[in-house]
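Engineer: The structure that follows is given in the form of structure tokens.
The values are calculated or read from the model by the stated rules, or taken from the named source; none is laboratory data. All figures in this text were calculated on a predicted structure; none of them were measured in a lab. Because the Cβ atoms are built from the backbone with ideal geometry, glycine has one as well, and the counts that use them run over all protein chains shown. The accessibility values were calculated without ligands, DNA or RNA, using every heavy atom of the protein model including side chains. Shrake-Rupley method; radii C 1.70, N 1.55, O 1.52, S 1.80 Å.
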Amino acid sequence: MRYEHDLQNKLQQKFSRIYGAQSDSYRYEIRYLRDFIQDSPALKAITETLENSNTEVNPDEWVREKFSTRSYSWPDIESGRAKIIWQFINWWADGQDPLGLAQCFSVNTHLNTMLREMTEQTVRPFVDYLLGELGSASEVLYMLERFARRLEWFDQDELYKKYVDDSKHSEDTYDSYLRKFLFDQGIDYPFSQPKSASGQVDVVAGLDGDDPLVCEVKLYDPSRGYRVPYVAKGFRQALDYAHDYGKSVAHLVTFNLSDQGLQMPTDEVSKPWPPRLHVEGVTVYLVVVHAKPRPSASQRGTAKPRVVTRDELVNPHEEEPSES
């Protein structure tokens with residue numbers, strides 16, 4: 001989770017520089033913020049989702065109709081406001097004079113004061129929105145990390161026995177275990193699988209609220225037909241469900257029931273945990289749980305993990321095996 005916390009700290013630093021900027025340097029600080037967002041895959045995914053969501057909110061039309069000197073109004077939902085402010089940031093970064101809009105937010109005539117008051121009412125809530133999205137991601141990742149440890153340390157043998165004894169409901173065994181854990185951690189969601197435009201997502205939390213959690217569960221066990229193409233199917237489903245629910249983040253939890261390690265690809269140079277891919281404006285976190293009991297380290301021999309490539313998940317070519 002350090003990666004998300006580092007982004008949060010850097011975002012706050014960027015805002016402080018913008019807030020303290022004078023009129024002659026304001027647009028440069030705004031451009032640095034825009035560049036930082038576009039160079040950070042997780043933040044870029046959030047803004048791409050904003051651009052493609054709330055289709056009823058057109059920033060150009062909204063400003064023409066809802067903004068005037070010393071007067072403005074926002075959409076009813078926070079993401080709609082964020083979408084408009086993101087457009088402001090792009091306008092200013094591309095050279096548009098920010099003082100034109102500053103007159104809508106301030107009755108002051110001092111240029112620097114006008115910019116600070118506008119920044120307080122635009123850039124601050126936008127940065128807060130990004131921080132909230134990153135914060136939610138960090139909390140979920142923390143829960144999933146604890147979940148993986150709990151299964152591996154305490155319940156691995158019991159669940160694996162159920163998996164071996166009941167092949168018809170093998171995935172349900174681990175899916176139910178994950179559902180129960182998330183519920184115990186305070187995440188509310190329907191126990192029946194809700195339907196989206198793309199089908200049924202294994203775990204969709206908080207659908208009655210504003211911030212649903214999209215999480216797809218898949219198994220990896222080549223001996224039973226659960227190979228990488230089956231995991232890739234889960235990746236595609238998680239991506240589609242994120243689009244269906246207007247989310248910039250999704251999670252794919254893969255239970256590794258094989259004797260080999262499973263190494264997932266990542267788009268991050270710093271290789272934070274868990275690996276994550278940024279595809280179609282969505283960040284998909286790839287959590288692998290070692291679900292099969294293993295011999296002690298001294299008895300395992302040389303590790304030969306199955307290294308999954310990005311292309312295998314994003315553009316699978318091999319035919320997907322049926323669930324056995």
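Engineer: Step by step: first the residues of the stretch 248-263, then only those that are assigned to a loop (DSSP other than H, G, I, E, B) and open to solvent by 20 Å² or more (accessible area, probe 1.4 Å), then the one that is farthest from Ser223 (Cα to Cα). Which residue is that? So that I can check it myself, show each step before the final result.
Structural biologist: Of the residues in the stretch 248-263, the ones assigned to a loop (DSSP other than H, G, I, E, B) are 248, 257-261.
Remaining after also requiring open to solvent by 20 Å² or more (accessible area, probe 1.4 Å): 259-261.
Details: Asp259: 10, Gln260: 11, Gly261: 14 Å.
If we take residues in the stretch 248-263 being assigned to a loop (DSSP other than H, G, I, E, B) and open to solvent by 20 Å² or more (accessible area, probe 1.4 Å), then Gly261 is farthest from Ser223 (Cα to Cα).
Engineer: Additional query: Applying the selection to the stretch 19-60, what residues are more than 16 Å from Leu130 (Cα to Cα), among the β-branched types (Val, Ile, Thr) and open to solvent by less than 80 Å² (accessible area, probe 1.4 Å)?
Structural biologist: Val57
Engineer: Next question. Is the stretch 262-281 home to any residue that is among the hydroxyl-bearing types (Ser, Thr, Tyr) and more than 20 Å from Leu43 (Cα to Cα)? Quick ask: steps written out before the conclusion?
Structural biologist: Going residue by residue through the stretch 262-281, those that are among the hydroxyl-bearing types (Ser, Thr, Tyr) are 266, 270.
Cutting the leftovers down to more than 20 Å from Leu43 (Cα to Cα) gives us none.
Among the residues of the stretch 262-281, not one is among the hydroxyl-bearing types (Ser, Thr, Tyr) and more than 20 Å from Leu43 (Cα to Cα), which makes the answer no.
Engineer: In addition: Search the stretch 98-142 for residues being closer than 27 Å to Ala45 by Cβ and open to solvent by 70 Å² or more (accessible area, probe 1.4 Å), and hand back the single one that is modelled with the lowest pLDDT.
Structural biologist: Glu139
Engineer: Also, quick follow-up: For the structure I just gave you, tell me whether Ser71 is at pLDDT below 95, hydroxyl-bearing (Ser, Thr, Tyr), surrounded by 14 or more Cβ atoms within 10 Å (Cβ to Cβ) and closer than 19 Å to Glu117 by Cα.
Structural biologist: no
Engineer: Among (1) open to solvent by 30 Å² or more (accessible area, probe 1.4 Å); (2) in contact with an Asp or Glu (Cβ under 9 Å, 6 or more places away or on another chain); (3) modelled with pLDDT under 90, where does Phe183 come up short?
Structural biologist: All conditions pass for Phe183, except number (2).
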